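Reviewing the structure listed below.
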Amino acid sequence: MIILCSNGLTGSRLREAAGRFAKPGGRAALVVTADPEYREKNYHVPRSRQELESLGLAVEVFDFDLQPPEALLSCDVVELMGGNPYYLLDAIRKHGGEEPLRQIGRKGLLIGWSAGALALGPSLGLVDQYSPELNTVGLTDLRGLGLTQVQVLPHYSRFHTRYEDFEARCQAYEQRQGCQVYRLDDGEGLLLDGQGQVVEELRSPLRVNVAGVDFRNPVIAASGTFGFGREYAELYPLSELGGVSCKGTTLHERPGNPPPRVTETPGGMLNAVGLQNPGVDHFIEKDLPWLSQQGTKIIANLAGSAVEDYCQTAEKFNGTAVDMVELNISCPNVKEGGVQFGVTAQGVEGVTKAVRKACEKPLMVKLSPNVTDISEMALAAEAAGADAVSLINTLTGMRIDINTRRPIIRNNTGGLSGPAVLPVALRMVWQTAQKVKIPIVGLGGISTWQDAVEMLLAGASAIQVGTAIFTDPYAPIKIRDGLLEYMEKNGVRSVSELTGGVRPW
């Protein structure tokens, strides 16, 4: 058997798959063949050794430049590590290592990750279009070992910000070669049989699908708290997130409400920013090209003051890199006396149905909690053609300056968000999950991974994090990591196993 992966046995499904074929008490060889400079700095060796030892294997370090390849035949497991794929392939060829590796793949377990996965395949042509400078050995024959015809692209999300037009170049390669490239994130891999055919995809348990859109993990940055992502990209790659719900976008530029527009409140904050944004054309021309290169799913949050505005804006997203449209219906309908679209089932159904006709993207409707029964609003959205719903938007609140006796926010009232609203959001998501068949994205007060687990158990398929980002920009990453640790400790194989898992009394 063969495992091709991105970063060693770093995912629970990879370790489980390897454990099926690695007999406790067996022998393993950890191949560290690399150029001298990398070999001296290879901090992955102790980590990879521990991963193999956790399977009950006795591990020896092996180098094709220093040891005969026939020695590998006494091993039950051989793992080819990352590094320089050109150097690794050249060394294996020079020392006649191809046939021993082929035999290991048939009688035992052969693991290749990063450079190791690339060398085992049919070609280094894919990596050559990204990093030809790595070919320090002057390799002219870029055909790989050919132990499999499966082609992989390791470290997929991590490399999005390193290489220009990363995904577009991969797609062009697939078209030229007439092949499929498996994009692998760290912690993911493929299980192949002895003939090199894919038996199983070993994907991250965090992957979710919402309305036909595949998210790398269920943690999405909420609209209005993340802008268009540029500021946060200075802190970490946006590919670490499942997706970004962009700042609320309207047909034309909006300056927003006069200040003060934001104030703290116990357990959260109030805001009445007023949908300040540069308009849809600016977003598509200036922000979307950059955002589409960040390796995360893009959700365009759409707002408007008339049905016609919504529809015209939605049409502009057709044919763009936007993955999903989130319909913000907590906006006043100027043609109906300023009543919000989202506070009546009739209003929800009307605007959703109109936008559904204009929108070619998956459509998610963001529901207001300032209603009698939010599940009825969700049913109306579903009946009108929504592919998913997100809830909850902010609750209407107010703070007063006791010295001036004026509301602190110039708009008088604002939207309440933050930890204080979590119990309300959980209740509303749970109620809605009993009524609709379409997916729910839950948000409102999520600050920790424990909050995220609660929201998933209440019925959400994915979650959005908003206000918590203001106090800790790394909150979404911490929530993702905590969620994964919880799942691995509790034997949860996918996020979908958690969705709706609450057991009411």
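Can you name the number of the only condition in (1) part of a helix (DSSP H, G or I); (2) modelled with pLDDT under 90; (3) among the small types (Gly, Ala, Ser) that Gly116 fails? It is condition (2) that Gly116 fails.
The set of residues in the range 486-505 that are within 16 Å of the chain's Cα centre (by Cα) and surrounded by fewer than 21 Cβ atoms within 10 Å (Cβ to Cβ) comprises Ser494, Ser496. Restricting the range 447-468 to residues that are free of Cβ contacts under 8 Å to residues at least 40 places away in the same chain and touching a Phe, Trp or Tyr at 6+ places or on another chain (Cβ under 9 Å) leaves a set whose member that is farthest from Gln431 (Cα to Cα) is Trp449.
Restricting attention to the range 253-267, the residues being under 14 Å from Arg410 (Cα atoms) and in a loop (DSSP other than H, G, I, E, B) number 6. Remark: pairs (first residue in the range 236-256, over 19 Å from Pro476 (Cβ atoms) and assigned by TED's automatic domain parsing to the domain that holds Asp309; second residue surrounded by 18 or more Cβ atoms within 10 Å (Cβ to Cβ) and among the aromatic types (Phe, Trp, Tyr); Cβ separation under 8 Å; 6+ apart in sequence or on different chains) = Thr249/Phe283. If you filter the range 384-430 down to residues that are touching a residue at least 60 places away in the same chain (Cβ under 8 Å) and basic (Lys, Arg), you find that the one that is surrounded by the fewest Cβ atoms within 10 Å (Cβ to Cβ) is Arg410.
When you look at Gly25, is it exposed (fewer than 13 other Cβ atoms within 10 Å of the Cβ), modelled with pLDDT of 85 or more and among the small types (Gly, Ala, Ser), yes or no? Working first, answer last.
Numbers: exposed (fewer than 13 other Cβ atoms within 10 Å of the Cβ): yes; modelled with pLDDT of 85 or more: yes; among the small types (Gly, Ala, Ser): yes.
In short, yes.
Consider Gly267 carefully, then state whether it is surrounded by fewer than 16 Cβ atoms within 10 Å (Cβ to Cβ) and free of Cβ contacts under 8 Å to residues at least 24 places away in the same chain. No, not satisfied. Each residue in the range 469-505 was checked for being in contact (Cβ under 8 Å) with a residue 60 or more places away in the chain and either among the charged types (D, E, K, R) or in contact with a Lys or Arg (Cβ under 7 Å, 6 or more places away or on another chain) (or both), and 3 pass.
For Thr320, indicate whether it is in contact (Cβ under 8 Å) with a residue 60 or more places away in the chain and farther than 20 Å from Glu231 by Cβ. Spelling it out, it is not the case that Thr320 is in contact (Cβ under 8 Å) with a residue 60 or more places away in the chain and farther than 20 Å from Glu231 by Cβ.
If the condition is being among the acidic types (Asp, Glu) and farther than 20 Å from Glu240 by Cβ, then the range 166-190 contributes only Glu174.
All conditions but one from (1) crowded, with 24+ Cβ neighbours inside 10 Å; (2) touching a Phe, Trp or Tyr at 6+ places or on another chain (Cβ under 9 Å); (3) among the aliphatic types (A, V, I, L, M) apply to Ala381; the one that does not is (2). The residues on offer are Asn277, Asn301, and the sole one that is buried (at least 16 other Cβ atoms within 10 Å of the Cβ) and closer than 30 Å to Pro205 by Cα is Asn301.
What helices (runs of 4 or more DSSP H) completely inside the range 421-505 contain at least 3 residues that are under 28 Å from Ala384 (Cα atoms) and among the β-branched types (Val, Ile, Thr)?
Correct list: 422-433.
Report yes if Leu190 is surrounded by 19 or more Cβ atoms within 10 Å (Cβ to Cβ), modelled with pLDDT of 90 or more and in a strand (DSSP E or B), otherwise no. It is true that Leu190 is surrounded by 19 or more Cβ atoms within 10 Å (Cβ to Cβ), modelled with pLDDT of 90 or more and in a strand (DSSP E or B). Anything in the range 431-447 that is surrounded by fewer than 19 Cβ atoms within 10 Å (Cβ to Cβ) and among the polar types (S, T, N, Q)? List them, or say none. Correct list: Gln431, Gln434.
The values are calculated or read from the model by the stated rules, or taken from the named source; none is laboratory data. Every value quoted in this text rests on a predicted model; they were computed, and no experiment measured them. Glycine also receives a Cβ, built like all others from the backbone with ideal geometry; neighbour counts cover every protein chain displayed.
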